[in-house]
Amino acid sequence: MSNAAPPNSTLPPGNRLRFTQAPLPWLYALWKFWRPHTVIGTSLSVVGIAAIVLAGLEPGNAPALAELLGLVGIAGVACLLGNLYIVGLNQLEDIAIDRINKPHLPLAAGEFSPTDGRWIVGLAGLGAVGVAVVGGPWLLATVGLSLIVGTAYSLPPVRLKRFPFWASVCILTVRGTIVNLGLFLHFSDRLALPLSIPGRVWALTVFILLFSIAIALFKDIPDIEGDRRYGISTLSLKLGQRTVFNLALGILTACYLGIALVAPWLVGVNRPFLAGSHLLVLVLLWWVSRRVPHPSQVGIAPKNLAYPRFYQFIWKLFFLQYLMFPLACWLA
């Protein structure tokens, strides 16, 4: 089976939206195109890293509210535009696949044409770089590297998403390393703090690195039909959905247990809260995971809707991490 990207065949007729004719439906389609769960995740990562930096300031050294809002706002806009570029480019290259796996997406549904998508993606990429230039060198490096990796993930001839290992590397590199370390250095630089990364930030980075691997694995579990048809090689196709599900669950378990175990040695965090909150979330994760039916079970249809729901639950745990960890820093 070929690994080439599938052709983007003609869009369904009569569905295309125009902003001038139907602004609210067009904006809703843009929201879907932006992939809301990634928007929330990106926003929380920006705010969460800023909160961790601010928690480490000496009393009385906090910036004025206007300065703080501007600092976080510029970083947030640059990262969100970069996020739109990355997820939009992926949809542009996967229109035919998404008609099988995610038919509700605007390009697959015909709400946007490929030309619409290219304009949105191009403007988002230019806007992300332009805003990052205003933000400073560390923000520009963070956004620039993210765009490069996102492009390599989706765009032929590289198209790293074809290969399970490299697809995971792309996701964990951006979400785990570039975003956390880059934003921490950006906020530290703007607030005139030493450009050294403390242990608590390294702990968060390693957690998100491993968590991103699990997200990459869970992401492909519901999509085996379209991936098989268009030659996208994933571990779910090679090993089976249930095996990959258990593998990803094991990685998440290691994440939460790891934070609980290293918490007593971290400086600048409330150690009991950090360890206890992660153990509680781990219990919740296992409770929910035991309720997920698998295709091998009697009476379960091949199109298992429990997998997409569990994938969205994993994203909620990702969101929660950027609330729990900064809170642990502020409670120190």
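The values are calculated or read from the model by the stated rules, or taken from the named source; none is laboratory data. Remember, it's a predicted structure, so these values are computed and weren't measured experimentally. When we count neighbours, we look across all protein chains shown, and the Cβ atoms used for this are built from the backbone with ideal geometry, even at glycine.
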Quiz item: In segment 135-146, is there at least one residue being more than 28 Å from residue 267 (Cβ to Cβ) and not in a helix (DSSP H, G or I)?
Solution: no
Quiz item: In segment 46-60, what residues are touching a residue at least 60 places away in the same chain (Cβ under 8 Å) and not aliphatic (A, V, I, L, M)?
Solution: 48, 56
Self-check item: One residue from 259, 251 being in a helix (DSSP H, G or I), out of contact with any Cys (no Cβ under 9 Å at 6 or more places or on another chain), outside the structural domain of residue 42 (by TED's automatic domain parsing) and at pLDDT 95 or above
Solution: 259
Quiz item: Within the set of pairs 6 or more residues apart or between chains, which connect a residue that is under 12 Å from residue 77 (Cβ atoms) and assigned by TED's automatic domain parsing to the domain that holds residue 169 inside segment 122-149 to a residue that is crowded, with 17+ Cβ neighbours inside 10 Å and polar (S, T, N, Q) with Cβ atoms less than 8 Å apart?
Solution: 132/142
Quiz item: Is there a residue being in contact with a Gly (Cβ under 6 Å, 6 or more places away or on another chain), farther than 27 Å from residue 308 by Cα and β-branched (Val, Ile, Thr) anywhere in segment 94-107?
Solution: no
